[in-house]
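Single-structure report; data block below.
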Amino acid sequence: MDRHADQLVGSLFRILGSQGHHEAQQLLVETYQSHAPSDRDELVDRLAADLVTILQEHLTPQEGAAVLTTTVEYLVNRFVSVVDVAPVAIVVLDEDGGIQLWNDGAERTFGWSEREVLSKPYARVVAEPSESIPPVSELEDGERLTGVETRHRHKDGSLLDVRLWGAPLYNHEEQFTGATFVISDITERKQREQRLTVLNRALRHNIRHDVTVIRGHLDLLSEEIPESDHLEVIDERVANISNLSEAARNIERLGEPDESALATFDLGPELREHAARLRRDWPDARVDVDVPESLPVAAHELLPYGLDNLLENAVEHNDADDPRVRIEARKPDDSSAGVRLVIADNGPGLPTNEREVLRNGTETDLTHSTGVGLWLTQWIVRSSGGRLDVETSEWDGTRVTVELQSA
């Protein structure tokens, strides 16, 4: 069923009803339903022929003209309304690249009014000589532009980082008549990313240097003072700072979710290896694992880091007399979404702020490595195209469920 034909029939249906032509309205619906299985071109051709017949047999020429005129006005008004309120720039070009439509979003983005740019070549209005603007001719063969990043010029002479989508336009004879561009201004986001990258690298460099110096002095002090609670506290805090630096490095590696960039992991051996490490580092904890021999998933390259965060949190802060962690993973029989991983413990449960980090991935007052690690874990799961939820476990501890894509 073609969506454009569907919109046309829906509009005609409403107009016929509003003007009291109920018999013609019912015939239109029956005709459309009888032709719905047809392909796009056949559906439109048959509807056009049957529509003429319906209008001729059940309406006077004046009534038919009124229905068609009102329908066209209705569709045009809807289109204009959508274009006008869109928060992005929408630009329609003719086959030579001349501007035919320049919405309010384009005026807000680039500074020029529609009157100033109408009929002018789009590339000449916004192009910066050092940047490539995809020509309209690239779309003539049906190609589309999807999220192309380039730079456009503002009226005040400044350069904007933009992301551009483009699609060809054709007339009723399938002849190429131009293109529609949708342009989003990403300047502020790009500048923020650059500032964060520079700040992150500078901080990480300084942190690594300071941690190395502090650890050297701690080693010297530990030789002079073999057992000291103060030295243990300092060592713990230094480790915390080091973990924060590692989290910052991993945050920098996280970008926009991109399924084409996902890596393949086998959760079976991956989780068993993590469980063995937990048993070695926390010998008093009981770690139960119920995972298939092989369970491949597609996820961000940092997935193992995220698993470490979830599993270590299940035991590191567990104050139960008999710390317990259960790890389960399987592909549900009733779901085509992928793989479900469950990590449950009998600890005290997550603090409210850290529970919100896992549930929503929202920014809170995170001042220690645990909170930042959980925040990063949520980002890793989302960048993997998955979802994460947190509940109370059957032992009144924490139960984290992660859903990932099958590989």
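A few points about this structure:
- The slack in the chain from GLU193 to GLU116, taken as 0.36 nm per residue of separation less the alpha-carbon distance, amounts to 24.4 nm.
- Cut-off 19 Å, label 7 Å out along Cα→Cβ of ARG277, residues of segment 388-407 by amide N: 400, 402
- Relative packing of peptides 112-122, 209-219 - highest average C-beta neighbours within 10 Å first: 112-122, 209-219
- All lysines inside 27 Å of LYS120 as judged from Cα atoms, apart from same-chain residues fewer than 8 positions distant: LYS155
- In this rough spin-label picture, where each label sits 7 Å from Cα along the Cβ direction, the ASP319-ALA239 distance is 1.9 nm.
- Rounded accessible area of HIS230 (nearest 10 Å², 1.4 Å probe): 140 Å²
- Inter-label distance, nm, simple model (7 Å from Cα along the C-beta direction), TRP395/ASP219: 3.8 nm
- Surface listing: LEU221, LEU376 arranged by accessible area from highest to lowest gives LEU221, LEU376, probe 1.4 Å.
The values are calculated or read from the model by the stated rules, or taken from the named source; none is laboratory data. Being a predicted model, the structure only gives us computed values, none of them experimental. Cβ coordinates were reconstructed from backbone atoms using ideal geometry, including for glycine residues, and neighbour counts include every protein chain displayed. For accessibility, only protein heavy atoms count, side chains too; no ligands or nucleic acids. Shrake-Rupley method; radii C 1.70, N 1.55, O 1.52, S 1.80 Å.
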